[in-house]
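The block underneath contains the structure these notes are about, expressed in structure tokens.
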Amino acid sequence: MLSMFFAPETKEAAKAAAGAAAPVVEKAAAAAPKLPPLETAHNWALPTEASTFARSTDNLYLFIVALDVFFFVLVIGAMVYFMWKYKRRSEDQKTSSITHNGKIEFLWSAIPAVLLVVIFAWAEIDYLKQTTPPADAINIRVVGRQWFWTVEYPDNPGVSLTSNVDEPQLTMIVPKGRPVRLTMTSEDVLHSFYIPAFRIKKDVVPGRYTTLWFEATTVGEFNIFCAEYCGDRHSSMTGVIKVLEPEMYEAALKEASKLEAKPGEAPAEFGRRIYTRRGCNACHTLDGAPATGPSWKALYGRQETMADGSSLTVDDNYITESILRPQAKIVAGFTGAQMPSYQGQLDQKQIAALIEFIKTQK
Ligand code: HEC
Ligand SMILES: [Cu+2]
């Protein structure tokens, strides 16, 4: 688990080790932002404080640590002192009869009780703040899937960002100094949405909506993690949240979710970018190994057997249908419910580029 604190280094090492075996990952890495380091703000080795909740959460945490240290020294110190003071001095020394001391017993019950109430009240005040999003918060929807996040902005229709299982990539953009409210759900198993620098974390549950809110205070890039073990590639369910000055927010949002062919870019190359940017690679490999979905190796033109026993030749129409209405025909050996529909999320040009990319996977 410690390795997450050294994410950038281990990523580099992993990439070097993987070598030429992962050409797609190499390509994606050039465009994708690196996982930002979990810099420490001070000597307590806590992550950067980048939201309005961070300081008060840390203060409470440090208060509890300080109490622990104080009582540890007090109790262990008293024990060592009494061991020395009441050591048996001779063979025939007898222990005097012990009764009790009401005053001391009262104090060692009352003082911890008061301290516990202080901790409870402090935590409860913070908790209430953290569970009541302000009415003017920006709404963002988050969907967790094995093993990526999809982030959509209802106030900016069509803006959709996806994290990536092979490389951390830009997953969410928010303005500094404005409250943001997340409405979250899962399409498969339990996940947990976690931004350490903001000190927020909440379970993302299938069939239910959970909410979370925050206000970012620092411009920069911070990690998003999944904090609930959710299967094989749970540890790569990471993303990057970017905090911007408010005046740059809307434009950056449009720019980041724009997925258009660059001038002079071959359709297959553009298709490769969509494959990683939209998270198809979470379920479809290129090396022939089946994952959650069938591999795309030698997919185009092959005879595919469906779950109902029929068979067909994979062509442009079938691929388009698989992307827009995945439930229409289910490949034998796979579950229909797992592939999300990209109806309204991928346009004709993007689908054509995906088809061109699939054709190149011989
Ligand atoms: C959450 C996992 C998941 C993601 C993400 C996903 N798929 Fe799929 N996909 C599946 C599964 C499972 C199947 C097989 C079941 C079926 O046919 O619906 C499948 C089937 C397909 C097929 C038919 C493959 C065959 O062998 O006949 C195509 C084409 C396809 N997906 C394209 C895409 C594209 C393009 C994307 C990204 C924009 C994508 N998928 C993202 C899970 C996924
Ligand atoms: Cu997860």
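Observations
- Members of segment 285-303 found to be touching a strand residue (DSSP E or B) at 6+ places or on another chain (Cβ under 6 Å) and surrounded by 15 or more Cβ atoms within 10 Å (Cβ to Cβ), listed by number: P294
- At least 1 residues being under 43 Å from the mean Cα position of the chain (by Cα), surrounded by 10 or more Cβ atoms within 10 Å (Cβ to Cβ) and at pLDDT 90 or above is the threshold, and among the helices (runs of 4 or more DSSP H) wholly inside segment 1-112 those reaching it are 54-85.
- Every condition in (1) within 16 Å of ligand 1 (Cβ to nearest atom); (2) out of contact with any Pro (no Cβ under 6 Å at 6 or more places or on another chain) is met by K242 except one, and the failing one is (1).
- Selection count where residues are closer than 28 Å to A50 by Cβ, outside any loop (DSSP other than H, G, I, E, B) and of a type outside the set (D, E), scope segment 242-279: 14
- Some residue of segment 326-341 being of a type in the set (A, V, I, L, M), closer than 28 Å to P168 by Cα and touching a helix residue (DSSP H, G or I) at 6+ places or on another chain (Cβ under 7 Å): no
- Selection within segment 258-278: residues that are surrounded by fewer than 16 Cβ atoms within 10 Å (Cβ to Cβ) and not acidic (D, E). The member of this set that is nearest to V165 (Cα to Cα) is K258.
- In segment 305-348, residue surrounded by the most Cβ atoms within 10 Å (Cβ to Cβ) [restricted to those that are hydroxyl-bearing (S, T, Y) and part of a loop (DSSP other than H, G, I, E, B)]: Y342
- Residue in segment 191-201 that is outside the structural domain of N59 (by TED's automatic domain parsing), under 30 Å from K349 (Cβ atoms) and away from ligand 2 (no atom under 16 Å from the Cβ) present: no
- Counted residues, segment 286-325 - those being touching a residue at least 60 places away in the same chain (Cβ under 8 Å) and either among the basic types (K, R) or assigned by TED's automatic domain parsing to the domain that holds D188 (or both): 1
- Test: residue in segment 191-209 that is among the polar types (S, T, N, Q), surrounded by fewer than 18 Cβ atoms within 10 Å (Cβ to Cβ) and closer than 21 Å to R145 by Cβ: no
- Which numbered condition Q348 fails, given (1) away from ligand 2 (no atom under 16 Å from the Cβ); (2) within 30 Å of H234 (Cα to Cα); (3) of a type in the set (S, T, N, Q): (2)
- Pairs with Cβ under 9 Å, 6+ apart, first in segment 144-156 and assigned by TED's automatic domain parsing to the domain that holds V174 and hydroxyl-bearing (S, T, Y), second in a strand (DSSP E or B) and within 16 Å of ligand 2 (Cβ to nearest atom): T150/V142; T150/V143; T150/G144; T150/T162; T150/T171
- Extreme residue, nearest to ligand 1 (Cβ to nearest atom), among residues of segment 164-191 that are under 15 Å from S257 (Cα atoms) and modelled with pLDDT under 90: N164
The values are calculated or read from the model by the stated rules, or taken from the named source; none is laboratory data. Bear in mind that the values here come from a model prediction, so they are computed numbers and not experimental data. All Cβ positions, glycine included, derive from the backbone under ideal geometry; neighbour counts span all protein chains shown.
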